[in-house]
Amino acid sequence: MRLFLSLFHLIIIFIINLILPLMESPFRDNLAQVCEADEISGLRLSGYGTISSTFDDSDQIAPFRDVSASSNGESLELADNLTWRLDSRIGLQVDYHFGQKMELVFQGVLRDRNDPDVKHSIELAYLGIRPLTNMDVRVGRFGYDAFMMSDIRHTGYAYLWVRPPLEFYGWIPIFNIDGADVTWRINQDDAQWRIRVQRGRHDTSLPMGGNSYSFDTNDIWSFTIARQSGPFRIKAGYSQFSSQNELESLSGLHKGLEDIAAATAGMLPDVSAEAASLRNDIRFKDNGIRYMTIGAAYDDGTLVAQAEIARSMVEGDFIPNGEMGYASVGYRLGDFTPYFTFSTINPGRNALHKPESDWSLIEQASLQSSSIRMLNSTAMEQHTYSSGLRWDFHNQASLKFQWDNTHIHPLGYGLWWRKGNILEQSNTVNLYSISMEFVF
């Protein structure tokens, strides 16, 4: 894995050194002519990338960009406060248009993830059809359209910050869907409405306590409605899905809790009820998740602002749930854009689980304690103040500097690699990032 990431790093540097000088060289006109020829033939090749380095000032915890990050990175990031793995990535996209009615799209992305195989590195692979002027249909693998930045989560050049706010986007394991979706576009005066319905499945691998958990879902439903009018854009969405698999390492704990619930049902009903409740909450399989979000953005060329809020609800508390949101504002001063962001996530029902009965009566107090600790370990509760500067030094590249000051509440470390017994402690962490983004 380290060799793969080192090669990935070298590839990014090679492309930067190759592409950017070309854009400023005498060959630029020739490149433009080639691109025009490609457009005529229906073929278009494009891409994007990020070279980034981040430093954190904590020796006990380290950040990850999203919950699908590589488990191999845990020991590396905890051992070294400086990392390039967090945000560095490169993507390549191929589009082929069959006139105005049909297109094929393929996109591959190399990034730090727990399942870096070819299958999961393909972010997009779909056939798009336009049966009507205001209707689009896609079949294959396409982006999960649940929030404002569904199409650009990997494309750092497309947004102000070094990374999307972790409190809002870091816990979402779904980047794309295998299935079909339908989009309707409605023009109304100076506004355009877009309504989209998606149906499909998704699978990915998540690191979980030294193991890998296969997060599979076959029943994703998503509905979004968006409106664009001048510099204003709003979007609201609802989606639901359920996890299909269980984490194998939980089987022993599940059996222990089931045995206690059955054995104490008549004699100690409080213990039995708590054991059954813990068994129901500490699970992945058949855990239904509902997700509602609404966001708005404004960009008049000078002032840039964006905000989103969301609520997630789950049937069991082992999967994080709660309310999350962020607000960001930036102001363009020529090629420079300073910006400020506040983001937060607050847990839902699993804010804090405490013992409800005395298990020492059956000499199982340690099992009760470890079960509650495990349940609390996935909660996410923190808020971050961010400030940064984006410098658009080239028409296809930018340099970003960002400082994040994050305050983590006790039992709220679900967005961090961690070591030591710190779950019950509050913490403040500073991240310092420098990132170069480019498109080609």
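The values are calculated or read from the model by the stated rules, or taken from the named source; none is laboratory data. Predicted, not measured: the structure shown is a model, and the values here were computed from it. With ideal geometry, Cβ positions are generated from the backbone for all residues, glycine too; neighbour counts draw on all protein chains shown.
Assorted remarks:
- Look at (1) assigned to a strand (DSSP E or B); (2) at pLDDT below 95 and you find that residue 183 fails only one, number (2).
Each row is one residue, and each column tells you yes or no for (1) farther than 24 Å from residue 437 by Cβ; (2) out of contact with any Gly (no Cβ under 7 Å at 6 or more places or on another chain).
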position	(1), (2)
91	no, no
106	no, yes
130	yes, yes
135	yes, yes
142	no, yes
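Let's see how each residue does on (1) among the hydroxyl-bearing types (Ser, Thr, Tyr); (2) over 20 Å from residue 280 (Cβ atoms); (3) surrounded by 19 or more Cβ atoms within 10 Å (Cβ to Cβ):
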site	(1), (2), (3)
363	no, yes, no
368	no, no, yes
385	yes, yes, no
401	no, yes, no
408	no, yes, yes
411	no, no, yes
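- Test for residue 249: is it part of a helix (DSSP H, G or I), touching a residue at least 24 places away in the same chain (Cβ under 8 Å), of a type outside the set (A, V, I, L, M) and in contact with a strand residue (DSSP E or B) (Cβ under 7 Å, 6 or more places away or on another chain): yes
- Extreme residue, surrounded by the most Cβ atoms within 10 Å (Cβ to Cβ), among residues of region 418-440 that are among the β-branched types (Val, Ile, Thr) and within 23 Å of the chain's Cα centre (by Cα): 429
- Yes/no for residue 310 being of a type outside the set (Phe, Trp, Tyr), at pLDDT 90 or above and not in a loop (DSSP other than H, G, I, E, B): yes
- Positions within region 297-315 being surrounded by 15 or more Cβ atoms within 10 Å (Cβ to Cβ) and either small (Gly, Ala, Ser) or under 14 Å from residue 234 (Cβ atoms) (or both), in sequence order: 297, 298, 299, 305, 306, 307, 308, 309, 310, 312
- If you go through region 212-235 and keep only what is within 30 Å of residue 419 (Cβ to Cβ) and either free of Cβ contacts under 8 Å to residues at least 40 places away in the same chain or more than 21 Å from the chain's Cα centre (by Cα) (or both), you end up with 214, 216.
- Qualifying residue in region 196-206 (condition: of a type in the set (Val, Ile, Thr), part of a strand (DSSP E or B), closer than 24 Å to residue 62 by Cβ and in contact with a Phe, Trp or Tyr (Cβ under 9 Å, 6 or more places away or on another chain)): yes
Every residue, every condition in (1) touching a Phe, Trp or Tyr at 6+ places or on another chain (Cβ under 9 Å); (2) of a type in the set (Ser, Thr, Tyr); (3) in a strand (DSSP E or B); (4) over 24 Å from residue 205 (Cβ atoms), yes or no:
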residue	(1), (2), (3), (4)
107	no, no, yes, no
110	yes, no, yes, no
124	yes, no, yes, no
127	no, no, yes, yes
138	yes, no, yes, yes
150	yes, yes, no, no
164	yes, no, no, no
177	yes, no, yes, no
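- Residue 143, sole failed condition from (1) surrounded by 15 or more Cβ atoms within 10 Å (Cβ to Cβ); (2) in contact (Cβ under 8 Å) with a residue 24 or more places away in the chain; (3) over 23 Å from residue 241 (Cβ atoms): (3)
- Residue in region 389-412 that is at pLDDT below 95, in a helix (DSSP H, G or I) and out of contact with any Leu (no Cβ under 7 Å at 6 or more places or on another chain) present: no
- In region 334-351, the qualifying residues are those that are surrounded by fewer than 19 Cβ atoms within 10 Å (Cβ to Cβ) and not in a strand (DSSP E or B), and the one that is modelled with the lowest pLDDT is 349.
- Restricting 381, 437 to residues that are assigned to a strand (DSSP E or B), touching a helix residue (DSSP H, G or I) at 6+ places or on another chain (Cβ under 8 Å), without any contact (Cβ under 8 Å) to a residue 60 or more places away in the chain and not hydrophobic (A, V, I, L, M, F, W, C) narrows the list to 381.
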